[in-house]
Structures are given as C-alpha cells and as structure tokens.
Amino acid sequence: MPRADAQRNVDALLAAAKEEFAAHGVDVSVRSIAARAGVGTATLYRHFPLRSDLVAAVFRHELDECVAAAGPLAEQYAPGEALERWVQRYREFLQTKRGLASALHSGDPAYSSLPEYFHSHAAPALGALLEEAANSGEIRADVAVAPLDLLGAIANLCVPFPGSDNDTATRLVALLLDGLRYRP
C-alpha cells in the first residue's frame, strides 16, 4: 500500500491529467499536468514513467469510478431510474474520455489490455442494472440488449457531429433509454 502522500500525488496527477487531456489532448505537456497537480515533473515520472502509463491509468481510474457508481445508484433509486442515472454517468465518462480517444485507438501495444478491462468491468455493471430494471417491469423484458451492445450504442451516440452541442448526446441517450421502457 502506498504512503498517504504518494497516494495523494497519484490522485492529484490522475485528476490533473484527466482535465488536461480533455482540454488539450493527450499530447499536452507533462509540465502542465504536473503544475495542475501541484507536483514536480519528477514526481509525475516516478509514478508514470511513460505517457502511455498515465493515459492508461486515467482511463482505468475514470472507468472504475463510473462502474463503482452502479451499486450506490441501485441502492438509492428504483431500478429504471438507477439504470438511467448510470447510463448518463457513463455518457459523462465517454465525453471526458474524448481527449484519450486518439491514444487509445492508436494501436500502441501499451493500450492493448484496455478493451478487455473495459468489457470486464463496464458490462457487468450495466448488465446488473438492466436485469433489475427488466425484472421490475421498468424496461421491456423482450428487448434482447447485451450490455456491450448497449454500451457501444451509447458510445456511438456520444460522438460529436457537425451541428451537435454538449447537450446533444444527453438528448440522444435519453431517447435510446426511452426505447427500452416498458410499454403495455
């Protein structure tokens, strides 16, 4: 287990990198990331020797936070609302991941484990929410939506296109979810 100050540095670096990547892309200067985190570049390199290490860590961290939200949402809300809130949380994850997209799809072997990481974490979280919503009758039981299919559909709806704005993906994802709702 890392020392508390080392963990604070890692957390600060991940948060700073996420913001810098979203704003300026993954090629942003490491000095900018370190400065935003309030640490020196040596500290950044101590924890993340390669830029790809930092990019992959940001992706995993953000995905882990998104996946972790599923349980509390399921406990706090009715199944249909928990599903909707988690899907919107996933949409937010996708929109903040835009800065990482070029690196993640670059073919760099440093990122080769991330698709499996994504599938093995996100699909079960969504699958449990879908099952609960279907069992409660809040979404149609006859919709044979595999969690990965729905995750992919949502991701496709979040790709910006000419004339779209920040609210477009929110509206499109809400429309997709409305199609899952139970209709007597």
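Free of Cβ contacts under 8 Å to residues at least 24 places away in the same chain and either on the phi > 0 side of the Ramachandran plot or more than 14 Å from the chain's Cα centre (by Cα) (or both): which single residue out of Ala17, Ala23, Ala42, Ala12 fits that description? Explain how you work it out, then say what you get.
Details: Ala17 fails: free of Cβ contacts under 8 Å to residues at least 24 places away in the same chain; Ala23 fails: free of Cβ contacts under 8 Å to residues at least 24 places away in the same chain; Ala12 fails: free of Cβ contacts under 8 Å to residues at least 24 places away in the same chain.
Unique residue meeting the criteria: Ala42.
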Tally time: how many residues in segment 74-112 are within 19 Å of Ala169 (Cβ to Cβ) and in a helix (DSSP H, G or I)? 20
Top-ranked residue of segment 90-111 - restricted to ones that are touching a helix residue (DSSP H, G or I) at 6+ places or on another chain (Cβ under 8 Å) and small (Gly, Ala, Ser), ranked as surrounded by the fewest Cβ atoms within 10 Å (Cβ to Cβ): Ala110
Could you tell me whether segment 156-177 includes any residue that is part of a loop (DSSP other than H, G, I, E, B), under 19 Å from Ala82 (Cα atoms) and at pLDDT below 90? no
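If the requirement is being farther than 21 Å from Lys18 by Cβ, buried (at least 18 other Cβ atoms within 10 Å of the Cβ) and either free of Cβ contacts under 8 Å to residues at least 12 places away in the same chain or not charged (D, E, K, R) (or both), which of these qualifies: Leu130, Leu151? If you could, list the steps in order and put the result at the bottom.
Numbers: Leu151 fails: farther than 21 Å from Lys18 by Cβ.
None of the other options fit; the residue is Leu130.
Only one residue in Gly137, Gly152 is within 23 Å of Pro79 (Cα to Cα) and assigned to a helix (DSSP H, G or I). Which one?
On the way: Gly137 fails: assigned to a helix (DSSP H, G or I).
Answer to the check: Gly152.
Inspect all residues belonging to segment 8-19 and state whether any of them is acidic (Asp, Glu), surrounded by fewer than 16 Cβ atoms within 10 Å (Cβ to Cβ) and not assigned by TED's automatic domain parsing to the domain that holds Lys97.
Filtering segment 8-19 down to residues acidic (Asp, Glu) leaves 11, 19.
Checking which are surrounded by fewer than 16 Cβ atoms within 10 Å (Cβ to Cβ) leaves us with 11.
Then drop every residue that is not not assigned by TED's automatic domain parsing to the domain that holds Lys97, which leaves 11.
Yes.
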Close pairs from segment 102-120: first within 24 Å of Asp149 (Cβ to Cβ), partner of a type in the set (Phe, Trp, Tyr) and assigned to a helix (DSSP H, G or I), Cβ under 9 Å, at least 6 apart: Leu104/Phe59; Leu104/Tyr111; His105/Tyr111; Tyr111/Phe59; Leu114/Phe59; Tyr117/Phe59; Phe118/Phe59
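The values are calculated or read from the model by the stated rules, or taken from the named source; none is laboratory data. Being a predicted model, the structure only gives us computed values, none of them experimental. Cβ sites come from the backbone with ideal geometry, for glycine too, and all protein chains shown count toward neighbours.
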